[in-house]
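Remarks on the structure that follows.
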Amino acid sequence: MKILLIRPWPFLLDVEKNTYNIQEAGLAKALTRLGHPTDILFWTDGEEHTVNIPVEGGEPVHVFYRRGIAALKNAWFLYIDQLAQSYDILQSAEYNQMFSWYLAGRYPKKTVIYHGPYYSAFNRNYNRMCAVFDVLFTGRYRKKNTPFLVKSNLAGRFLREKGIADEQIAVVGVGIDAQRLSGAEGQPSEIERQMRAQEKGLKLLYIGRVEPRRDSFFLIEVLKEVRKRDQDACFYWIGSGEAAYTEQVRARIAEAGLEHAIVWVDALPQNQMKGVYDQADFFLLPTEYEIFGMVMLEAMFFGKLVLTTKNGGSDMLIRSGENGVVLSKEDAGRWAEAMLEIAADSNKRERMQQNAHQTVSSTYTWDALAERFLQVYRKVST
């Protein structure tokens, strides 16, 4: 079976600089290792070209960069029928991308859609856009019986509410490239050295965008609550955001008198992340909305206990109290209490850490997920 993974978004995804967070790259390599040659189609506004991603023991994954029409966060590829016809399966991304809709009509016997977003009060613009799309276009998916692979239970419910039948939906999740994460480590970063130098107190970690969706102000409140009982606790942040918001966050840190207790760097190479995770006690993600949350997968893969809110990823990954903790974002004191309670029970902490790693390494790597995708592909191609 020959497969083409398509991302119809008008944003450049440069696999020559980074493949870690590009989900198509991890899935394509896993499918190819199983004997199903898989390539990728991405948009470009520059010169059309092809990049090859090497695959151990197999043919490389070909990443085709093709031009197209870009509008309203949609990319419509031009003149690709010859390319599409050479594949048995065309997997496009997101139900409300116009090119996904086009493929479902043009190639109904080989198109599947991999969908992640869901309704959220935080995502009002997306909700409004979907309401318009549903009136005009979603009926095609019902008529053509288009199969959907969804990233979470919440995404599955989102589609069902639009009239997509249960039998059209398969919940598969999201994976990580375990081989890449387990690869060679770089030299210890300065933030890792600072974590090693902290001899007492909890070491809390956040990695990701500094933005309202992930409520940096709440993270500050959690640290304040933790330090009421653990005066040596420190928070380590890796991430950046828009200047105006980050300035507000830095001002709040200063106002709280926590400059000495928060170490903040804008970015870190992927090969230096493992050392940081190894030093951390807890990973915090108080998010309003996550399609899945690759950073949760990464933290759990490295055996870190994640505290987060309910979102697409946590709903799939975390059994609260067994391999992580899911809490509402109403009470910073409750987050502090949960961490201090786990930290005081070394047996419980070690058990939860092992469970966190096992959850991801056994079920949510691309190699583990590839067979779930193939099960759907086989139904389409028969």
Quiz item: Considering only the range 220-253, how many residues are over 13 Å from Leu284 (Cα atoms), within 28 Å of the chain's Cα centre (by Cα), in a helix (DSSP H, G or I) and of a type in the set (D, E, K, R)?
Solution: 2
Self-check item: Test: residue in the range 194-207 that is at pLDDT 95 or above, in a loop (DSSP other than H, G, I, E, B), buried (at least 21 other Cβ atoms within 10 Å of the Cβ) and outside the structural domain of Gln248 (by TED's automatic domain parsing)
Solution: no
Quiz item: Only one residue in Glu16, Glu24 is under 21 Å from the mean Cα position of the chain (by Cα), buried (at least 20 other Cβ atoms within 10 Å of the Cβ) and acidic (Asp, Glu). Which one?
Solution: Glu24
Practice problem: Select, from Ser216, Ser189, the only residue that is surrounded by 20 or more Cβ atoms within 10 Å (Cβ to Cβ), of a type in the set (Gly, Ala, Ser) and closer than 15 Å to Trp237 by Cα. | Solution: Ser216
Self-check item: So Ile164, is it in contact with a helix residue (DSSP H, G or I) (Cβ under 7 Å, 6 or more places away or on another chain), crowded, with 19+ Cβ neighbours inside 10 Å and either assigned to a loop (DSSP other than H, G, I, E, B) or not aliphatic (A, V, I, L, M) (or both)
Solution: yes
Practice problem: Please state which one of Tyr119, Tyr141 is of a type outside the set (A, V, I, L, M, F, W, C), touching a helix residue (DSSP H, G or I) at 6+ places or on another chain (Cβ under 9 Å) and closer than 24 Å to Gly293 by Cβ. | Solution: Tyr119
Practice problem: Residues that are of a type in the set (Lys, Arg) and more than 15 Å from the chain's Cα centre (by Cα): find the helices (runs of 4 or more DSSP H) completely inside the range 278-382 holding 1 or more of those. | Solution: 332-343, 346-363, 366-381
Quiz item: Restricting to the range 123-160, what's the tally of residues that are surrounded by fewer than 12 Cβ atoms within 10 Å (Cβ to Cβ) and modelled with pLDDT of 95 or more?
Solution: 1
Quiz item: What number of residues within the range 326-344 satisfy the criterion of being more than 14 Å from Leu202 (Cβ to Cβ) and either among the aliphatic types (A, V, I, L, M) or without any contact (Cβ under 8 Å) to a residue 40 or more places away in the chain (or both)?
Solution: 7
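Kindly indicate whether Gly275 is in contact with a helix residue (DSSP H, G or I) (Cβ under 6 Å, 6 or more places away or on another chain), under 22 Å from Arg180 (Cα atoms) and in the same structural domain as Cys234 (by TED's automatic domain parsing).
Taking the combined requirement at face value, the residue satisfies it.
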Quiz prompt | Neighbours by Cβ (under 8 Å, 6+ apart or cross-chain): first from the range 99-114, crowded, with 24+ Cβ neighbours inside 10 Å; second of a type in the set (Asp, Glu) | solution = Ser100/Glu94; Ile113/Glu94; Tyr114/Glu94
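Being out of contact with any helix residue (DSSP H, G or I) (no Cβ under 6 Å at 6 or more places or on another chain) and either in a strand (DSSP E or B) or of a type in the set (A, V, I, L, M, F, W, C) (or both) is the filter here, so list the residues in the range 167-180 that pass it.
Step one: of the range 167-180, the residues out of contact with any helix residue (DSSP H, G or I) (no Cβ under 6 Å at 6 or more places or on another chain) are 167-168, 174, 178-180.
Of everything in the range 167-180, those that are out of contact with any helix residue (DSSP H, G or I) (no Cβ under 6 Å at 6 or more places or on another chain) and either in a strand (DSSP E or B) or of a type in the set (A, V, I, L, M, F, W, C) (or both) turn out to be Val174, Ala178.
The values are calculated or read from the model by the stated rules, or taken from the named source; none is laboratory data. Given the structure is predicted, the values throughout are model-derived calculations rather than measurements. Cβ: placed from backbone, ideal geometry, glycine included. Neighbour counts: every protein chain shown.
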